[in-house]
Amino acid sequence: MVRKLAGKYHSGDIPHLEVNNNKITDIEDISNELAHTFSDNSSSHNYSVRFQSFRSQAETQHLRFKSKNNESYNNPFSTEELTDTISKAHDTAVGPDEIHYQMLKHLPNEALQTLFGALNAIWYSGNFPDSWCTSTVIPVPKTWQRQIGLIQLSPYCFNQLYMQNYGKDDQRQASMVFGAK
């Protein structure tokens, strides 16, 4: 009420998307416009000329795909990596798997070993659950913006437990190999 009296109040209603002074109200049209904008913002035409030149040159190089899979990024994860990743996780909202970080942080050792075994079995087999390959992207308006336009939206991505936590170890292992060169 105080904010309203001070003129700083705005309703919590979710406004419609406005593009080129046109209000978009249909959910599917809004989704398509957001997807188009996110795709456009991620496209290569936004890269600097210097990076485009580097990328063009790098893409002409022939890649050798022969491997015995002995690279360090193919190694199994250690229990230390799992416990370290869980201990560093912040208590954010649960994903579609509805697993809370506090639950993981308080797992008994036997349950932690079972989780560790299951995750490494998935890693070895390469048979990742379909839900681990899916993300939910939610466009969130910046708090200081009153009207929602495409430029003012920040996409937030919500993944399953693996990609939020264990996937960080994948990235770390890959960066140790590729970043070292």
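The values are calculated or read from the model by the stated rules, or taken from the named source; none is laboratory data. Since the model is a prediction, treat every value here as computed from it, not as a measurement. As a convention, Cβ positions derive from the backbone with ideal geometry for all residues, glycine included, and neighbour counts pool all protein chains shown.
Quick notes on this one:
- Only one of ASP97, ASP84 that is closer than 27 Å to SER135 by Cβ, surrounded by 10 or more Cβ atoms within 10 Å (Cβ to Cβ) and in contact with a Leu (Cβ under 8 Å, 6 or more places away or on another chain): ASP97
- Considering the conditions (1) farther than 22 Å from ILE122 by Cβ; (2) surrounded by 13 or more Cβ atoms within 10 Å (Cβ to Cβ); (3) of a type in the set (S, T, N, Q), ASN74 is excluded by exactly one of them, (1).
- Filtered by the rule that a residue be outside any loop (DSSP other than H, G, I, E, B) and either of a type in the set (Val, Ile, Thr) or in contact with a strand residue (DSSP E or B) (Cβ under 8 Å, 6 or more places away or on another chain) (or both), segment 52-96 gives THR79, THR83, THR85, ILE86.
- Of the residues making up segment 30-58, those that are at pLDDT 80 or above and either in the same structural domain as ILE138 (by TED's automatic domain parsing) or within 15 Å of ILE138 (Cα to Cα) (or both) are ILE30, SER31, ASN32, GLU33, LEU34, ALA35, HIS36, THR37, SER39.
- Output for segment 1-21, where each listed residue is at pLDDT 80 or above and loosely packed, with under 11 Cβ neighbours inside 10 Å: ASN20, ASN21
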